[in-house]
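Report on the structure given below.
Every number here is computed from the coordinates shown, using simple stated rules; none is lab data. Please read these numbers as outputs of a predicted model, since none were measured by experiment. As a convention, Cβ positions derive from the backbone with ideal geometry for all residues, glycine included, and neighbour counts pool all protein chains shown.
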Amino acid sequence: MPSEQWTHPEPGDGPAAVAAQPSPEQVIAGLRATSEGGAELTQLLTPEGERVPSPQFDKYVEDIDAEALRGLYRDMVLVRRADREANAMQRQGQLGIWVPLLGQEAAQIGSGRALKPNDMAFPSYREHGVAYARGVDMKDLLGIFRCTDHSGWDYQRHGFHPYTIVIGNQVLNAAGYAMGQKFEGKVGDDDGEATIVYFGDGATSQGDVHEGFVWAAVYDAPLVFFCQNNQWAISEPTERQSRLPLYQRARGYGFPGIRVDGNDVLACLAVSRWALDECRHGNGPVLIEAFTYRMDAHTTTDDPTRYRLSDELEEWKLKDPIERVRAYLARNGHADQAFFDSVQAEADSFAADLREYTFNMPEPPPERIFSNVYAEGNPVLEAQREEFLSYLDGFVSAGEH
């Protein structure tokens, strides 16, 4: 069986490592080689909380004063606390599954806050922070993972599409929606509309994503492809999926790509605003690769200790998206301990409210599974509904005798 190329160095950097499976040393070496995202990484706030000037992107965050940055910090703390609570509730049997976002708060809040009211977001199944930024009640997310609902929010009012479980399928949906925006003349100026679609690094290996790239490029659709590269597609690292950094793939389709520090909420906000602005003015699609890290399991059915090393996790803890904002606020006198304590107390209350709601969530009636399948009545579906309810009634009647 031929050996499998594991790493793909630049020309002149020496031979690639080959192995059927990567050694621990190769995994760590690959991580360290890209741990800061490379020379073209866009960063405005370092892991130590120091502001990095950017001639290209500073203008997109000129309105982010101390108060606004405190707001972004609060967003991330609340979203992380809700995520941790949901994770715990799944372990207690209250949710069927949970998809953690731990470590990706900056990518989601930064990009989510960049959207305007008339924009549309297409998530995968991990974008709880984007949902929060779009005004979706996080209680409405929990029904999906408790298996009592498909989605409990008005996606048109919030500009936030229902979650998509099939890997990469939302990219095609988003491409079609953005093409519609273009065909209806909703682009071309500051008041134009744009669409953003979220997917992970693993989804870039799916055909749907590449088809979305093609259609968006051909029709200059106002679509931002937002790839949260958390470096692990379940148990497969990014190195096994691409010879090049993911953002460079955009060149093959004829539109710009950019890599941003996905743990830097300020940079994610600035880059997303720039990309959405490009789209709403009719300049076609943009690919953003938010270089981040999944600090928890892929889902609660996953055990990440089976395929990645603790060294890797410890390294990324030093790049925590929340801590760098906290350090910046504290260092510059924009927030004191009382502020941080108040945010934590609010987050605990927020989580307690979600917990109480989940534990007391009513079970939907069995006939609900047949609702909202079609926009109008359907005789075949109605016949199936009556047959199913009659079948259930048979158990009740049998129990009475």
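Working note: Karplus 6.51/-1.76/1.60 with θ = phi - 60° gives segment 74-79 the couplings 4, 3, 5, 5, 5, 5 Hz, where Gly and Pro are set to x.
A Gaussian network model of the chain, with springs between Cα atoms under 10 Å, assigns the largest mean-square fluctuation among Gln228, Gln56, Gln384 to Gln384. For the options Asp320, Asp119, Asp302, a Gaussian network treatment of the chain with springs between C-alpha atoms closer than 10 Å singles out Asp302 as fluctuating the most. Here the Gaussian network model covers the chain, with springs between Cα atoms less than 10 Å apart; of Val130, Val166, Val265, Val166 fluctuates the most. Filter the cross-link list Lys59/Lys319; Lys59/Lys182; Lys59/Lys186; Lys59/Lys139; Lys139/Lys182 down to pairs whose alpha-carbon distance in this structure exceeds 29 Å. Going by Cα-Cα distance, Lys59/Lys139; Lys139/Lys182 fall outside the 29 Å limit.
Placing R0 at 41 angstrom, the Cβ-Cβ distance between Lys317 and Ala375 gives a FRET efficiency of 0.25 after rounding to 0.05.
Counting only DSSP beta bridges whose two residues both lie in segment 35-359, roughly 10 percent are antiparallel.
Would you mind telling me the antiparallel percentage of the DSSP bridges in segment 150-266, rounded to 5? So the antiparallel bridges amount to about 25 percent of the total.
Charges were assigned to the Cβ only: +1 to each Lys and Arg, -1 to each Asp and Glu. The resulting dipole of the chain about its Cα centre is roughly 460 debye.
According to a simple spin-label model (label point 7 Å from Cα along Cα-to-Cβ), what is the distance in nm between Leu309 and His150? That separation, rounded to one decimal, is 4.6 nm. Is the shape of the chain rounded, prolate or oblate, going by the alpha carbon gyration tensor and its root eigenvalues a ≥ b ≥ c, with a/c under 1.5 for rounded and a/b larger than b/c for prolate? Rounded, because the longest to shortest axis ratio a/c is under 1.5. Inverting the pair-averaged 1/r between distinct Cα atoms of segment 308-401 gives 19.6 Å as its Kirkwood hydrodynamic radius.
Compared with the dominant principal axis of the Cα atoms in the chain, helix 24-34 is inclined by about 70°. Stretching Lys116 away from Gln344 to a fully extended chain increases their span by 79.3 nm, per 0.36 nm per residue minus the current alpha-carbon distance.
Near Val209: Cβ cut-off under 14 Å, other residues only, Lys/Arg at +1 and Asp/Glu at -1. The net charge is -3.
Since only Asn378, Thr301, Cys268 are under comparison, the one whose Cα sits farthest along the positive direction of the charge dipole of the chain, derived from C-beta charges on Lys, Arg, Asp and Glu, is Cys268. Within the shell of other residues whose beta carbon sits under 13 angstrom from the beta carbon of Pro362, the net charge comes to +1, with Lys and Arg scored +1 and Asp and Glu -1.
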